[in-house]
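The values are calculated or read from the model by the stated rules, or taken from the named source; none is laboratory data. Small disclaimer: the values here were computed from a predicted structure and weren't measured. Using ideal geometry, Cβ is built from the backbone for each residue, glycine included, and neighbour counts are taken over all protein chains shown. Just the protein is used for accessible areas: all its heavy atoms, side chains included, with ligands, DNA and RNA removed. Shrake-Rupley method; radii C 1.70, N 1.55, O 1.52, S 1.80 Å.
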Amino acid sequence: DQQVKQNSPSLSVQEGRISILNCDYTNSMFDYFLWYKKYPAEGPTFLISISSIKDKNEDGRFTVFLNKSAKHLSLHIVPSQPGDSAVYFCAASARTSGTYKYIFGTGTRLKVLA
Amino acid sequence: DTAVSQTPKYLVTQMGNDKSIKCEQNLGHDTMYWYKQDSKKFLKIMFSYNNKELIINETVPNRFSPKSPDKAHLNLHINSLELGDSAVYFCASSQMSLDTQYFGPGTRLTVL
C-alpha cells in the first residue's frame, strides 16, 4: 500500500527554468510533509518542509505547495541550476503510537541541463 | 566532520552469514532510525530508538536486531542473511521524533 506516490520517475529541465516535482498522498491523517534531496552514494538531505496548517512554504529558490483537498504537494525550484540535479523524495508523516514516522515516495530524478 | 556516519559503506557477504552495520551521530540527537531502500527505491523505516528505547518497530523479520549502546549509536545486526536482504540501509537521527531527520551516507549490502 503506497501511501505516498511520486508518479514521475524522472524530469529534465533546462537551466534557469522552473522545475516542478509532484507528490500525491492517500492518508488524510498526514499532517507534516518534507522534501529530501539525494545525490548518488549519499544519504538524503533535508530540503524543505510544510505543515498541514499551511499551503505554501518558501526557502530561497525552493517553494513547497500543499493542496490538502487534492492530497497533493509540489516542489518548485526557480531558477533551476545544474547542481540541483539529484533524486528528490517527498515524505509525509502522521502520529503513530505517539511518534511521527516518515513515509517516503519512490523519488523523482531531476536532471537540469546546462 | 560527518554528522551521521555509517560503517561499512559497502558489505558483500554470503547467504546465511551474520553481519552488523554501525551507525553513529555526533549531533546530540535523541532519536535514531534505520531505513531500508530496496531495489524498487522504496525507502522504508525499519526501527526507531529514542534515548536507547525502541519506539518504532515495523514489520521486520526477527533476524534484524537493532542495538543502541548509547543514544549516539544505533547498530543493526542481521542474522542468517538472505538474498532479499540486499539493499541500501540508511541510518538517520533527529532531535526529537517530530524533528527533521538527518541521514547517513548509506550502507550497500549485497547478499550472494
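Report, by residue number, each residue of the range B:22-37 that is under 11 Å from B:Gly106 (Cα atoms) and polar (S, T, N, Q). Result: B:Gln37, single match. Just the residues that are hydrophobic (A, V, I, L, M, F, W, C) and in contact (Cβ under 8 Å) with a residue 24 or more places away in the chain, please, taken from the range B:83-104. B:Leu83, B:Ala87, B:Val88, B:Phe90, B:Cys91, B:Ala92, B:Met96, B:Phe103, listed by residue number.
Mind checking whether some residue in the range B:44-57 is farther than 22 Å from A:Gly105 by Cα, touching a residue at least 24 places away in the same chain (Cβ under 8 Å) and of a type outside the set (Phe, Trp, Tyr)?
At the first step, the residues of the range B:44-57 found to be farther than 22 Å from A:Gly105 by Cα are B:49-55.
Retained after the next criterion (residues that are touching a residue at least 24 places away in the same chain (Cβ under 8 Å)): B:49-50, B:55.
Filter again for of a type outside the set (Phe, Trp, Tyr), leaving B:50, B:55.
The answer is yes, given that some residue of the range B:44-57 is farther than 22 Å from A:Gly105 by Cα, touching a residue at least 24 places away in the same chain (Cβ under 8 Å) and of a type outside the set (Phe, Trp, Tyr).
Residue count for the range B:41-67 satisfying the condition of being more than 12 Å from chain A (Cβ to nearest Cβ) and within 11 Å of the chain's Cα centre (by Cα): 4. The residue that is nearest to B:Leu27 (Cα to Cα), among those in the range B:99-112 that are within 14 Å of another protein chain (Cβ to nearest Cβ) and open to solvent by 30 Å² or more (accessible area, probe 1.4 Å), is B:Tyr102. Residue count for the range A:37-89 satisfying the condition of being open to solvent by less than 20 Å² (accessible area, probe 1.4 Å) and of a type in the set (Phe, Trp, Tyr): 2. Each residue in the range A:13-36 was checked for being open to solvent by less than 50 Å² (accessible area, probe 1.4 Å), more than 14 Å from every other protein chain (Cβ to nearest Cβ) and under 19 Å from A:Val78 (Cα atoms), and 4 of them qualify.
Residues that are farther than 24 Å from B:Lys40 by Cα and at pLDDT below 95: does the range A:70-85 have at least one?
Of all residues in the range A:70-85, those farther than 24 Å from B:Lys40 by Cα come to A:70, A:76-83.
Narrowing the set further to residues that are at pLDDT below 95 leaves none.
Taking every residue of the range A:70-85 in turn, none turns out to be farther than 24 Å from B:Lys40 by Cα and at pLDDT below 95.
Yes/no per residue for (1) within 14 Å of another protein chain (Cβ to nearest Cβ); (2) in a loop (DSSP other than H, G, I, E, B):
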| site | (1), (2) |
| --- | --- |
| A:Phe46 | yes, no |
| A:Thr63 | no, no |
| A:Leu73 | no, no |
| A:Ser80 | no, yes |
| A:Val87 | yes, no |
| A:Ala92 | yes, no |
| A:Arg109 | yes, no |
| A:Val112 | no, no |
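Exactly one residue out of A:Ser52, A:Ser12 is free of Cβ contacts under 8 Å to residues at least 60 places away in the same chain and either closer than 19 Å to B:Gln101 by Cα or out of contact with any Pro (no Cβ under 6 Å at 6 or more places or on another chain) (or both), and it is A:Ser52.
Return the residue satisfying two criteria in turn: it lies in the range B:15-40 and is over 12 Å from B:Asp85 (Cβ atoms) and open to solvent by 40 Å² or more (accessible area, probe 1.4 Å), and of such residues it is farthest from the other protein chains (Cβ to nearest Cβ).
Let us first name the residues in the range B:15-40 that are over 12 Å from B:Asp85 (Cβ atoms), namely B:20, B:22-35, B:37, B:40.
Add one more test, that the residue is open to solvent by 40 Å² or more (accessible area, probe 1.4 Å), and what stays is B:20, B:22, B:24, B:26-28, B:40.
Details: B:Ser20: 19, B:Lys22: 15, B:Glu24: 14, B:Asn26: 15, B:Leu27: 13, B:Gly28: 17, B:Lys40: 7 Å.
Here the answer is B:Ser20.
Total residues in the range B:86-98 satisfying the condition of being part of a loop (DSSP other than H, G, I, E, B) and open to solvent by less than 50 Å² (accessible area, probe 1.4 Å): the figure is 2.
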